[in-house]
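Here is the structure we will look at.
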Amino acid sequence: MKLLVTGGAGYIGSVVAAMALREGHQVAVLDDLSTGHADAVPGGASFTHGLVRDQAQAMLADGVDAVLHFAAKSLVAESVAKPSLYWEHNLGGTLALLEAMRVIGTVRIVFSSTAAVYGEPEHTPIEEAAPARPTSPYGASKLAVDTALAEHARMHKIGAVSLRYFNVAGAAAGPDGRWLGERHRPETHLIPSILAVALGGGDAGEVRLFGDDYATPDGTCVRDYIHVTDLARAHMLALGACLPGGHRVYNLGSGAGFSNLEVLSACREVTGRDIPSRFAPRRPGDPAVLVASSDRIHGELGWRAERGLAAMVADAWQFALERSVPGLPTRRAER
């Protein structure tokens, strides 16, 4: 199968592209490199530097069978400050892609959606039937794409799957053995932020944990984490669930959460370093607990998260070490 991976130079897109190559697919990556990195495009994939709205139709015309769509803006705070940017890229870019698919006749798409569409949930674990009440333009733009996919499936008989992620972590090896991991600017995710401090960098040389007075066992936020390799495997399975005229939505999570303090403890154990930390005030809108129910995708596609927190941190640490000391021998990722 020939796949177009939009945003395939980013963290998750590059790992999914690498897995697709290992499974024997042909992969074409399209990325504007606004947040991605050209050296993250896995060996064996072709690469086009450009915007989805400008390049998608020409790339689809080259015999693409399905699209894995990751290209998006994804910073919640930035979306609040610049909402039009998020509507333009996330919804506008996807609508251009869907029109290109209609013109060319490409009928399968797997979309990188988000748990942010749920906002502050009434109950956990969160099921797909939970009310969608996003609290940011980022979440709202992703929910709008889900709606557009459902309409295009109904009207144009494409097959679409939306995968709603919770917190993704870890790293994986590409076809050439190089590690593929998180390189965000700025880095807003907890595990790579902690590991940056462990390496001697980070925010003022210490980890900031936002809030210590939540109604959780240790007072810190609880979040659901899944390994990026588990996530990539879900995308491969979702390709087979893109049935003409249908739009399926699946949550991806482990079904269990880890608190910020538990994540910090795991990072200290894996690195063997005493990572300094301090508590900071809560961030507005941060729910106490976000945990996913992945019963639907397990029942329909047989997927479940397999790698735990220790594996996520260990792989992320190997990626961080490789980036900080080029040429340093590190273990190969489990495939």
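The values are calculated or read from the model by the stated rules, or taken from the named source; none is laboratory data. Since the model is a prediction, treat every value here as computed from it, not as a measurement. We place every Cβ from the backbone using ideal geometry, glycine too, and count neighbours over all the protein chains shown. Accessible surface is based on the protein model in full, side chains and every heavy atom, while ligands, DNA and RNA are left aside. Shrake-Rupley method; radii C 1.70, N 1.55, O 1.52, S 1.80 Å.
Here is a check on your reading of the model: is Met59 surrounded by 20 or more Cβ atoms within 10 Å (Cβ to Cβ), touching a strand residue (DSSP E or B) at 6+ places or on another chain (Cβ under 6 Å) and not aromatic (Phe, Trp, Tyr)? Lay out the reasoning, then the answer.
Numbers: surrounded by 20 or more Cβ atoms within 10 Å (Cβ to Cβ): yes; touching a strand residue (DSSP E or B) at 6+ places or on another chain (Cβ under 6 Å): yes; not aromatic (Phe, Trp, Tyr): yes.
So Met59 passes the test.
Pull up segment 6-39, narrow it to residues that are of a type in the set (Gly, Ala, Ser) and not in a helix (DSSP H, G or I), then point me to the one that is nearest to Asp315 (Cα to Cα). Break it down stepwise before answering.
At the first step, the residues of segment 6-39 found to be of a type in the set (Gly, Ala, Ser) are 7-10, 13-14, 17-18, 20, 24, 28, 34, 36, 38.
Right, trim to not in a helix (DSSP H, G or I) and you get 7-10, 24, 28, 34, 36.
Numbers: Gly7: 22, Gly8: 20, Ala9: 19, Gly10: 17, Gly24: 24, Ala28: 26, Ser34: 25, Gly36: 20 Å.
Checked segment 6-39; the qualifying residue nearest to Asp315 (Cα to Cα) is Gly10.
Which condition number in (1) assigned to a helix (DSSP H, G or I); (2) out of contact with any Ser or Thr (no Cβ under 7 Å at 6 or more places or on another chain); (3) of a type in the set (Ser, Thr, Tyr) is the one that Tyr138 fails?
Status for Tyr138: all satisfied but (2).
So that you can scan it fast, the table gives a plain yes or no per residue for (1) among the β-branched types (Val, Ile, Thr); (2) outside any helix (DSSP H, G or I); (3) more than 22 Å from Ala17 (Cα to Cα):
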position	(1), (2), (3)
Glu128	no, yes, yes
Pro131	no, yes, yes
Thr147	yes, no, yes
Arg164	no, yes, no
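Pairs please, first residue from segment 196-225 and open to solvent by 70 Å² or more (accessible area, probe 1.4 Å), second anywhere and at pLDDT below 90, Cβ atoms under 7 Å, 6+ apart in sequence or on different chains.
These pairs meet every condition: Ala215/Ala288.
Does Glu120 satisfy being among the acidic types (Asp, Glu) and either closer than 21 Å to Leu4 by Cβ or at pLDDT below 95 (or both)?
Working: among the acidic types (Asp, Glu): yes; either closer than 21 Å to Leu4 by Cβ or at pLDDT below 95 (or both): yes.
Yes, satisfied.
Does segment 271-280 contain at least one residue that is touching a residue at least 40 places away in the same chain (Cβ under 8 Å) and either among the polar types (S, T, N, Q) or closer than 23 Å to Val15 by Cβ (or both)?
As a first pass, look at segment 271-280 and keep what is touching a residue at least 40 places away in the same chain (Cβ under 8 Å): 271, 273, 275-280.
With the extra rule that they be either among the polar types (S, T, N, Q) or closer than 23 Å to Val15 by Cβ (or both), the set shrinks to 271, 277.
There is at least one residue in segment 271-280 that is touching a residue at least 40 places away in the same chain (Cβ under 8 Å) and either among the polar types (S, T, N, Q) or closer than 23 Å to Val15 by Cβ (or both).
If you take the residues of segment 30-50 that are surrounded by 16 or more Cβ atoms within 10 Å (Cβ to Cβ) and of a type in the set (A, V, I, L, M, F, W, C), which of them is farthest from Met1 (Cα to Cα)?
Checking each candidate, the answer is Ala40.
Give the residue, chosen from Ser84, Ser79, that is over 22 Å from Ala153 (Cα atoms) and either of a type in the set (Lys, Arg) or without any contact (Cβ under 8 Å) to a residue 24 or more places away in the chain (or both).
Matching residue, one of Ser84, Ser79: Ser84.
Do you know which of the residues in segment 77-115 that are assigned to a helix (DSSP H, G or I) and farther than 26 Å from Thr135 by Cα is most open to solvent (accessible area, probe 1.4 Å)? Write out each step before concluding.
As a first pass, look at segment 77-115 and keep what is assigned to a helix (DSSP H, G or I): 77-81, 83-104, 115.
Of the ones still in play, those that are also farther than 26 Å from Thr135 by Cα are 99-104.
Values: Glu99: 76, Ala100: 5, Met101: 2, Arg102: 115, Val103: 73, Ile104: 66 Å².
Out of the qualifying residues, it is Arg102.
In segment 127-178, how many are under 18 Å from His89 (Cα atoms) and open to solvent by less than 20 Å² (accessible area, probe 1.4 Å)?
Here is the first cut: in segment 127-178, the residues under 18 Å from His89 (Cα atoms) are 134, 136-149, 162.
Retained after the next criterion (residues that are open to solvent by less than 20 Å² (accessible area, probe 1.4 Å)): 136, 139, 141-142, 145-146, 148-149, 162.
Count: 9.
Quick check: anything in segment 179-190 of a type outside the set (A, V, I, L, M), open to solvent by 20 Å² or more (accessible area, probe 1.4 Å), part of a helix (DSSP H, G or I) and farther than 26 Å from Arg108 by Cα?
No, segment 179-190 contains no residue that is of a type outside the set (A, V, I, L, M), open to solvent by 20 Å² or more (accessible area, probe 1.4 Å), part of a helix (DSSP H, G or I) and farther than 26 Å from Arg108 by Cα.
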